[in-house]
Structures are given as C-alpha cells and as structure tokens.
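The values are calculated or read from the model by the stated rules, or taken from the named source; none is laboratory data. Source: prediction; values computed, not measured. All Cβ positions, glycine included, derive from the backbone under ideal geometry; neighbour counts span all protein chains shown. With ligands, DNA and RNA removed, areas are computed over all heavy atoms of the protein, side chains included. Shrake-Rupley method; radii C 1.70, N 1.55, O 1.52, S 1.80 Å.
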Amino acid sequence: MGLAARVRALVAHRGILWLLVRRDLKVRYASSALGYLWTVLDPFMMILIYWFVFSFIFRGRNVGEQPYILYLAFGQLAWQWFNGCLNDSTRALTSETRLVRSTRLPREIWVLKVVLSKGLEYVFSLPVVAIFMIANSKAPTWHVIFFPLGLLLQALLLTGLGLLVASVTVLVRDLARVVRIVLRMAFYATPILYSVRSINHPVIRDLYVINPLTGILDLYRASVFSAEMASLKAIVSATVITLLVLLLGARVFSRLESPVLKEL
C-alpha cells in the first residue's frame with residue numbers, strides 16, 4: 001500500500017482513532033485520585049525544581065530569558081510531550097498485540113494514538129504557562145500566532161519518530177533501552193533549561209539548528225519572549241528535518257509491517 005493510500009485509510013478511520021485516544025486518557029486517569037490534575041502538577045513541580053536550581057544555586061549566569069520560570073515552562077512542557085511520546089511509542093505495537101494482529105485497522109493508528117493522547121496532555125498542561133504568565137505580569141506578544149505552527153511541527157516530528165521506533169522495537173527489543181538513554185542525552189542537548197543565545201561558541205551554537213526542537217521551542221517561546229523568535233533558518237531547518245523524519249518513519253514502518261506482524 002502506497003503512502004497516499006495509507007493516509008486515506010487513516011482519514012477514513014479517524015473516528016476510531018479518536019475513540020482510542022479517549023480510551024487511553026480515561027484509562028490513564030481512572031485509577032488516580034487527582035486525575036487530570038497530575039497533568040498540571042507533575043510539570044509544575046519539575047519547573048519549580050529547575051527554576052530553584054538555576055536561579056539560586058547557579059545564579060551566576062543568565063541561561064535564559066526573564067522571567068526564567070516562564071522560559072522553563074515552555075521548554076519543560078514541550079519536552080514532556082516529546083519524551084513521553086517516544087517512550088510510549090516503543091510499546092505502541094507490543095502493548096496492543098492482539099488488536100494489531102486481529103483488526104484490519106491501519107497499523108499506523110496505534111502510533112498516532114500515542115502522539116495525539118500525549119499531545120492532548122500537553123495542551124491540558126498549558127494552564128501552567130498561564131499561571132506563570134499571570135504571576136509575572138507577562139502578556140502574549142503578536143508572535144503567539146506561531147504557536148500552532150510549533151504544535152504542528154512537533155506532532156509531525158513525533159509521528160515520524162514514533163513510526164520508526166514502534167516498528168523497529170518489535171524486531172529489536174533492546175531499542176527501547178537505547179531510546180531511554182538517547183532521550184536523557186537529548187534533554188541536555190536541547191535548549192530546554194537554557195537559551196541557544198547563551199552559548200558563547202559560534203560553531204556549537206550553529207549546530208543547534210540541526211535539532212528540530214530548537215526551532216520548535218523558539219516558536220513556542222516567541223509567544224511571550226520576542227527575543228526568542230526563531231530565525232527563518234531555524235524554522236526552515238525544523239520544517240525540512242521534520243518532514244524528512246516523517247517520510248523516513250512512514251517508509252520504514254511500511255517496509256517492516258510484514259516482519260513486525262510475524263514477530264507479534
């Protein structure tokens with residue numbers, strides 16, 4: 001089945017996709033006393049910890065825009081979506097083995113379910129940003145119109161990476177451990193706790209353009225911090241790399257579908 005046919009199949013089954021997403025969210029919060037509040041409390045507490053460490057313990061250097069706690073909020077929430085989605089993608093097919101094998105649904109739907117459910121959790125956690133904006137008397141800039149572009153690019157990037165990781169992990173189970181290690185490294189190689197503009201070495205600073213999350217985070221942060229508006233170079237780089245990753249993920253998923261089904 002070609003790429004266009006797969007996309008049409010996913011569109012045709014969009015109702016089932018949303019049903020699966022709602023099921024995931026209900027199951028995730030059903031056994032929790034606080035339910036949805038954990039979506040806000042978890043990133044809220046992590047942001048406070050990082051803010052305390054870098055504002056008081058390592059306060060000798062300005063690593064991001066002020067107010068720093070708001071700067072951190074944009075990065076931490078986006079990373080929570082990225083990290084959680086890739087970790088769950090390693091189990092996207094293996095955790096639903098019976099349904100993947102017995103139904104005639106497009107197999108990509110199990111990856112999209114993860115991307116969308118984690119994406120909705122990200123949207124639900126945005127009140128954390130609003131709280132810090134109100135607390136610091138910060139109003140959004142007109143650059144807030146670029147926020148949806150950041151959402152779209154991150155969703156497409158995660159879809160490509162998720163398709164790649166989900167299919168390969170079925171055949172190489174150790175990849176799940178590798179993904180966790182790479183994500184720990186990527187956290188510090190991504191401008192979440194700091195700004196690329198705080199890096200003094202020009203060569204290293206230019207290398208950050210290769211990381212599509214750099215441009216995506218700038219698009220998010222530009223909503224409040226005009227100085228963080230992604231350059232055209234960063235936006236183009238993030239867009240091109242995201243589309244390449246999406247095409248690669250779709251291609252690998254399609255080629256490995258048969259051996260993956262045999263393994264499951």
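Before moving on, here are some points about what is shown:
- The orientation-averaged projected area of the convex hull spanned by the Cα atoms of the range 174-255 comes to 6.7 nm².
- Largest-first principal axis extents of the Cα set of the range 117-231 (Å): 50, 37, 22
- The range 100-126 residues near the modelled MET46 label - backbone nitrogen below 19 Å, point 7 Å along Cα→Cβ: 114-126
- The residues of the chain present an accessible area of 51 Å² per residue when probed at 1.4 Å with all protein chains retained.
- Length available on full extension from ARG28 to ILE145: 0.36 nm per residue minus the Cα-Cα distance, which gives 39.0 nm.
- With coordinates expressed along the principal axes, the C-alpha atoms belonging to the chain extend over 57, 47, 35 Å, beginning with the largest.
- Relative intensity of the range 85-178 on a log10 scale, I(q)/I(0) at q = 0.15, 0.23 Å⁻¹, equals -0.68, -1.13, per a Debye sum over C-alpha point scatterers of equal strength in the absence of solvent.
- Span-rule helices in the chain, defined as complete DSSP H runs reaching 15 Å or more along the axis (Cα) with Kyte mean at least 1.0: 37-52, 109-124, 147-171, 175-188, 232-263
- Percentage, to the nearest whole number, of Cα pairs in the range 146-200 over 14 Å apart: 69 percent
- Note on PHE56 and PHE187: with the Förster distance fixed at 22 Å, the Cβ-Cβ geometry gives a FRET efficiency of about 0.55.
- Residue ranges 200-211, 45-56, 245-256 sort as 245-256, 45-56, 200-211 when ordered by packing (mean number of other C-beta atoms within 10 Å per residue, highest first).
- For the range 4-155, the C-alpha radius of gyration divided by 2.2 N^0.38 Å, with N the number of residues, is 1.24.
- Label-point separation, PHE124 to ASN87 (7 Å along Cα→Cβ), nm: 1.7 nm
- Student exercise, the range 41-129 dipole from Lys, Arg, Asp, Glu Cβ charges, in Debye to nearest 20: 340 debye
- Within the straight-line cut-off of under 28 Å between alpha carbons, the lysines reachable from LYS113 are LYS26, LYS262, sequence neighbours fewer than 8 places apart in one chain being disregarded.
- The chain - percent of accessible surface contributed by carbon and sulfur, probe 1.4 Å: 68 percent
- Lys, Arg +1 and Asp, Glu -1 on Cβ, resulting dipole of the range 66-202 about Cα centre, debye, nearest 20: 340 debye
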